[in-house]
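Encoded as C-alpha cells, the structure appears first; notes follow it.
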Amino acid sequence: IYSDSLSPDYQQQLERDYLNQLVNELNTLSLMGIVNQDDQELQRKPIPLSAVYTELDTKEPEKPELEDETQIRKQQKTEYISALEQLNQHRKLVILGAPGSGKSTFIKFLAICMAGELLGHENLNLDTMRQRQIKKQQEDWDHGGLLPIMITLREFSARGLDSDQRITPQTLLDFITAEWDGKVKSEFSQILEQKLSDGECILFF
C-alpha cells in the first residue's frame, strides 16, 4: 500500500521538504540575551549553529574488575568520551547534565548534520559532524545518514498524551505527525512510519 500510494519521486520530494524545514528551524542560534539590547541589528542577524558548534564531551566511570567496594572506589577512574562516540556505540543513550551544558545543542547539531547528509549539502553533512571533535581530528560514525526526528518531551507530555494514557509507538507517531501538520504535506506521515519500521530514523528526545 505504501509503495503504490506514493511515487518514488513524490516520496523523495516530501522527505526533502521535511529535511529542509528541519534545518531551517534548528540551524539558527539566537543572540537574544547575549548581545547588548541596543544592538538591534546584531540581535536580528541569525548565526548558524553549525558555524559555532563545539563537540560535547561526556564522562563515565570505567568498569573495574575488583569486587571489593573500597578498592573499587579507590581505583575507579573517569574516562572522557565524546558524545558522538557514545552515540555511535549505543543504540539507546541517555545524556545527563546541568541546564545549559549543551545537551539540546548537541542533538540539534546532529539532526541538522544528518539532514544535510540526506539533502546532499557540501558543507553540512556527516563529515561536518565527525570533524567537530575535541580529542580526535575525526570521530567514527558507523550508521550512515538517518532521518532525524526531534521530540520535545514537555510538548509530548502536554499535547501528545492524556493523563492516564500509556506511551506506545502509535501515540508517539501520532504526536510527531501532529507536530508537522501544516509544515509538510500530510502524506509525509506514510514515509515517516515506513522509515521508522525499517530502522532508518534516529529519534532525539
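The values are calculated or read from the model by the stated rules, or taken from the named source; none is laboratory data. Bear in mind that the values here come from a model prediction, so they are computed numbers and not experimental data. Please note: Cβ atoms are built from the backbone with ideal geometry, for glycine as well, and neighbour counts cover all protein chains shown. Surface accessibility is based on the protein's heavy atoms, side chains included, excluding ligands, DNA and RNA. Shrake-Rupley method; radii C 1.70, N 1.55, O 1.52, S 1.80 Å.
Over the range 119-198, what number does the Rg to Rh ratio reach, with both radii from the alpha-carbon atoms and Rh per Kirkwood?
Looking at the range 119-198, the ratio lands at 1.08.
Between Glu79 and Gln131, take the C-beta separation as r, use R0 = 25 Å, and let me know the FRET efficiency to the nearest 0.05.
0.70
Using the C-alpha atoms of the range 89-128, what convex hull volume per residue, in cubic angstrom, is computed?
Measuring per residue, one finds 83 Å³ for the Cα hull of the range 89-128.
Roll a 1.4 Å probe over the protein heavy atoms and report the accessible area of Ser186 in Å², nearest 10.
Accessible area of Ser186: about 90 Å².
According to the square roots a ≥ b ≥ c of the eigenvalues of the Cα gyration tensor, what is the shape class of the range 166-205, taking rounded for a/c under 1.5, prolate for a/b larger than b/c otherwise, and oblate for the remainder? List each step's numbers first, then the result.
On the way: a/c = 1.69, a/b = 1.17, b/c = 1.45.
Taking the square roots of the gyration eigenvalues as a ≥ b ≥ c, the range 166-205 is oblate.
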